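As structure tokens, the structure follows; a few thoughts come after it.
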Amino acid sequence: LYGPVDVDVLRRTLQYVVDRHEVLRTTFVAREGDAVAVVHPSYPVELPVEQVEGDTPEARDRAAAQRVHDEARRHFDLGRLPLIRFLLLRLADDDHVVSLYTHHAVWDGWSFDIFWDDVQAAYAAFAAGREPALPPLPVRYRDFAAWQRATLTPERLAPHRDWWLERLAAPLPVLELPADRPRAPV
């Protein structure tokens, strides 16, 4: 983010968006051999803020990239909140990196656009001293999951499963890929 960032407004924004979307407050536990989604009430969203050190902008960029990489290597426990984490790196007064880390169980490629639209609208509202006026969500995660379970019955999935089983029944071709050096037989 280029320009000043109001950290308190950003924290409030992230809290608002996490509270708005049940899936961002969901964990997954095993019950009788099945994974079960557990939606939690609001929890305090953390936004650590770290000053990135470096003598030059390039050095700060490298340090920020390393910090983002290190944070991305931290694992998630599907049974414990949060399954989304945030980090704000301050490179200069007008230069910040906002990172978010999620588990794929609660996030996919389409989720980012929805999340980012909500963040932008909420941040603008809070920064202007107003409450966000986002419309109610048309579908909740649990509604979609219930629809999917009802729609994707074993009977409806059988033709698709059978198609793939037929395609994958024959031995797969062996790919002769070039190598940059000889590989050990093991």
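The values are calculated or read from the model by the stated rules, or taken from the named source; none is laboratory data. A quick note: this is a predicted structure, and the numbers were derived from the prediction, not measured. Positions of Cβ are backbone-derived with ideal geometry, glycine not excepted, and every protein chain shown enters the neighbour counts. Note: areas computed on protein heavy atoms with side chains; ligands, DNA, RNA excluded. Shrake-Rupley method; radii C 1.70, N 1.55, O 1.52, S 1.80 Å.
Can you tell me which residue among Val68, Val38, Val29, Val17 is assigned to a helix (DSSP H, G or I), farther than 21 Å from Asp117 by Cα, of a type in the set (Val, Ile, Thr) and open to solvent by less than 70 Å² (accessible area, probe 1.4 Å)? Walk me through how you get there before you give the answer.
Working: Val38 fails: assigned to a helix (DSSP H, G or I); Val29 fails: assigned to a helix (DSSP H, G or I); Val17 fails: farther than 21 Å from Asp117 by Cα.
Of the residues listed, the single one that is assigned to a helix (DSSP H, G or I), farther than 21 Å from Asp117 by Cα, of a type in the set (Val, Ile, Thr) and open to solvent by less than 70 Å² (accessible area, probe 1.4 Å) is Val68.
Identify, please: which residue in the stretch 90-114 is in contact (Cβ under 8 Å) with a residue 40 or more places away in the chain and over 26 Å from Thr27 (Cα atoms) and is, among those, surrounded by the most Cβ atoms within 10 Å (Cβ to Cβ)?
His96
Does the stretch 45-65 hold any residues that are farther than 24 Å from Gln15 by Cα, acidic (Asp, Glu) and surrounded by 13 or more Cβ atoms within 10 Å (Cβ to Cβ), and which are they?
Matches in the stretch 45-65: Asp61 only.
Cβ-Cβ under 7 Å, sequence separation 6+ or interchain: first residue in the stretch 40-54 and within 24 Å of Ala65 (Cβ to Cβ), partner open to solvent by 50 Å² or more (accessible area, probe 1.4 Å) and of a type in the set (A, V, I, L, M). Which pairs?
Close Cβ pairs satisfying both conditions: none exist.
Take the residues of the stretch 26-52 that are modelled with pLDDT of 95 or more and of a type in the set (D, E, K, R): which is farthest from the chain's Cα centre (by Cα)?
Going through the qualifying residues, I end up with Glu50.
Return the residues of the stretch 115-147 that are out of contact with any Leu (no Cβ under 8 Å at 6 or more places or on another chain), in a helix (DSSP H, G or I) and open to solvent by 40 Å² or more (accessible area, probe 1.4 Å); say none if nothing qualifies.
Once the filter is applied, which keeps residues that are out of contact with any Leu (no Cβ under 8 Å at 6 or more places or on another chain), in a helix (DSSP H, G or I) and open to solvent by 40 Å² or more (accessible area, probe 1.4 Å), the stretch 115-147 yields Trp116, Asp117, Gln120, Ala124, Ala127, Tyr141, Arg142, Asp143, Phe144, Ala146, Trp147.
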